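Heads up: the structure comes next, in structure tokens.
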Amino acid sequence: MYKILSKKVLADGIYWMDIEARRAARSAKPGQFLIVRLDEKGERIPLTVCDIDAENGSIAIVYQVLGDSTRRMAQMEPGDYFHDVVCPLGR
């Protein structure tokens, strides 16, 4: 489980989230991506890594609400958890 540490609304339907992912924060680089799943039956959502805080063990994502899964993500709040986060992926 990966805890949502913070959430900000950047514009209508566009969100920033910091996610606790200690191992990923040690090795991820901006421009790589990650995959999140909201729950055990959820779809895999690929998102770009926007920022990394290796000291605090967090990674940041920015996403736009486009479908059901990202709409559900927008309803999540700090303290909620993603079921899975796979990161880093890509170069």
Against the globular-protein guess of 2.2 N^0.38 Å, express the Cα radius of gyration of the chain as a ratio, rounded to two decimals. 0.97
Determine the sum of side-chain charges near G57: Lys and Arg each +1, Asp and Glu each -1, restricted to other residues whose C-beta is under 11 angstrom from that of G57. 0
If L66, L34, L89, L10 are ordered by their accessible area, calculated over protein heavy atoms with a 1.4 Å probe, which sequence runs from highest to lowest? L66, L10, L89, L34
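Grab the DSSP H runs of the chain that are 4 residues or longer, score each as -39,500 (n - 2.57), total them, divide by all residues and round the 222 nm result to the nearest 500 deg cm²/dmol. Please list the in-between numbers first.
Values: 2 runs with 14 residues, N = 91.
Result for the chain: -4000 deg cm²/dmol, rounded to the nearest 500.
On full extension of the chain, what length is gained from C50 through R23, given 0.36 nm per residue of separation minus the C-alpha to C-alpha distance? List each step's numbers first, then the result.
Working: separation 27, 0.36 × 27 = 9.72 nm, distance 1.62 nm.
Here the segment from C50 to R23 would lengthen by 8.1 nm.
Find out how many positive minus negative residues lie around R37, taking Lys and Arg as positive, Asp and Glu as negative, among other residues whose Cβ is under 14 Å from that of R37. Could the numbers behind the result be given before it?
Numbers: positive: K41, R44, R72; negative: D39, E40, E43, D68, D80, D84.
After counting each charged neighbour, the total is -3.
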If you take every residue apart from V86 with its C-beta less than 12 Å away from the C-beta of V86, what net charge results, scoring Lys and Arg +1 and Asp and Glu -1? +2
Could you put V9, V65, V49 in order of accessible surface area, largest first, with the 1.4 Å probe and the full protein assembly present? V9, V65, V49
Between the stretch 37-56 and the stretch 1-29, how far is it from one alpha carbon centroid to the other, in angstrom? 7 Å
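Just how large is the dipole of the chain about the Cα centre, in debye to the nearest 20, putting +1 at every Lys and Arg Cβ and -1 at every Asp and Glu Cβ?
Working: 13 positive and 13 negative charges, 58 e Å.
About 280 debye.
For the stretch 25-91, with every protein chain kept in place, what is the accessible area per residue (1.4 Å probe, Å²)?
59 Å²
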Pop out the carbon and sulfur fraction of the accessible area of the chain as a percent, whole number, probe 1.4 Å. 46 percent
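The values are calculated or read from the model by the stated rules, or taken from the named source; none is laboratory data. These numbers were taken from a predicted model, which means no experiment stands behind them. Neighbour counts are summed over all protein chains in view; Cβ atoms, including those assigned to glycine, are modelled from backbone coordinates with ideal geometry. Heavy atoms of the whole protein, side chains included, go into the accessibility calculation; ligands, DNA and RNA do not. Shrake-Rupley method; radii C 1.70, N 1.55, O 1.52, S 1.80 Å.
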